[in-house]
Amino acid sequence: MINNDEIKNKYDLTNPYEIAKYIKEVEKSTPVEMFIRFKKNWDENLFGKLEFYSGCCSYIVFGEAEEIQQFLKLYSEKIERFRIKNDRRNSAIPMMDITQCDSRIEPGVCVREGVNIGKNCVIMMGAVINIGASIGDETMIDMNAVLGARATVGKRVHIGAGAVLAGVLEPPSSIPVIIEDDVLVGANAVVLEGVKIGKGAVVAAGAVVTEDVPAGVVVAGMPAKIVKKMDDKTKDKTVILDDLRK
């Protein structure tokens with residue numbers, strides 16, 4: 001199976017053709033976690049290539065679903081009880097190793113391999129970030145927001161709770177969403193593929209953005225339209241808090 005370093009070195013995961021090639025070539029995985037207890041002391045050599053952690057007659061075992069099923073069938077008479085946990089089937093894209101990120105990432109976040117996360121970002125509960133997406137320094141992705149494949153978000157941006165930045169893999173000629181620096185995207189807003197939001201702009205909550213947005217304006221509605229230019233009152237309502245990013 002291709003490991004994370006090989007993925008980063010072999011494929012350009014900002015290119016839709018390269019992403020598709022990677023998904024085609026990578027070995028698909030159905031990882032399983034099994035809790036198992038045997039009737040008596042167990043010969044650990046019989047686990048073979050399965051990864052395990054032991055405690056007398058009880059073990060935690062990791063492996064591919066097919067390997068685990070074969071094991072259970074082969075040694076069924078020796079097993080007292082077991083429980084299996086599984087969260088995916090024939091998955092092509094592994095989860096990112098978020099321990100390497102210099103940012104705050106809260107529980108329940110789903111980040112696929114091939115994502116680039118800058119420094120001092122905040123990724124809140126339930127956010128989903130797909131392959132090829134990029135997030136600039138000090139940006140917050142709020143609860144349950146979705147960044148589709150190849151979405152690009154600049155520095156000191158706030159993507160509101162439940163907002164969606166449309167992903168682009170098919171058709172591959174489509175342009176991904178681009179959010180420039182210092183933008184605020186309100187809760188439950190949707191930015192469609194190919195749209196560029198200019199620096200310092202504000203997208204109102206619930207807006208559906210179908211066209212490019214110039215820098216320094218506020219847009220609202222479905223489809224979103226410019227309602228005004230940024231002013232001091234709007235700036236006060238869209239302040240980015242540095243303390244949240246420490």
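Of all residues in the stretch 180-226, those satisfying the criterion of being in contact with a Gly (Cβ under 6 Å, 6 or more places away or on another chain) and more than 16 Å from G162 (Cβ to Cβ) are E180, D181, D182, G200, V213, P214, A215, G216. Residues satisfying the criterion are absent from the stretch 31-39 (criterion: open to solvent by 80 Å² or more (accessible area, probe 1.4 Å) and without any contact (Cβ under 8 Å) to a residue 40 or more places away in the chain). All of G198, G194 fail the test of being small (G, A, S), within 28 Å of Y17 (Cα to Cα) and open to solvent by less than 10 Å² (accessible area, probe 1.4 Å), apart from G198. Summed over the stretch 130-158, the residues that are touching a residue at least 24 places away in the same chain (Cβ under 8 Å), of a type in the set (D, E) and open to solvent by 50 Å² or more (accessible area, probe 1.4 Å) give a count of 1. Filtering the stretch 97-119 to residues that are surrounded by 14 or more Cβ atoms within 10 Å (Cβ to Cβ), closer than 22 Å to Y22 by Cα and in contact with a strand residue (DSSP E or B) (Cβ under 6 Å, 6 or more places away or on another chain) leaves V111, V115, N116, I117.
Being of a type outside the set (D, E), touching a residue at least 24 places away in the same chain (Cβ under 8 Å), assigned to a loop (DSSP other than H, G, I, E, B) and over 21 Å from T14 (Cα atoms) is a description that does not apply to G206. When restricted to residues that are open to solvent by 30 Å² or more (accessible area, probe 1.4 Å) and farther than 29 Å from E25 by Cα, the stretch 43-92 contains 20.
In the stretch 169-183, what residues are open to solvent by less than 40 Å² (accessible area, probe 1.4 Å), more than 21 Å from I23 (Cβ to Cβ) and either modelled with pLDDT under 90 or in a strand (DSSP E or B) (or both)? Residue satisfying the conditions is I179 alone.
Would you check if G186 is over 20 Å from V115 (Cα atoms) and surrounded by 15 or more Cβ atoms within 10 Å (Cβ to Cβ)? Spelling it out, G186 is indeed over 20 Å from V115 (Cα atoms) and surrounded by 15 or more Cβ atoms within 10 Å (Cβ to Cβ). Screening the candidates A166, A161, A207, A127 for the property of being open to solvent by less than 10 Å² (accessible area, probe 1.4 Å) and within 18 Å of the chain's Cα centre (by Cα) yields one hit, A127.
If you go through the stretch 143-158 and pick out every residue that is over 18 Å from the mean Cα position of the chain (by Cα) and either aliphatic (A, V, I, L, M) or under 16 Å from A224 (Cα atoms) (or both), you end up with 0.
The values are calculated or read from the model by the stated rules, or taken from the named source; none is laboratory data. Values in this document were obtained by computation on a predicted structure and should not be read as measured data. Every residue, glycine as well, gets a Cβ built from its backbone with ideal geometry; the counts of neighbours run over all protein chains shown. Remember, those area values only see protein heavy atoms, side chains included, never the ligands or the DNA or RNA. Shrake-Rupley method; radii C 1.70, N 1.55, O 1.52, S 1.80 Å.
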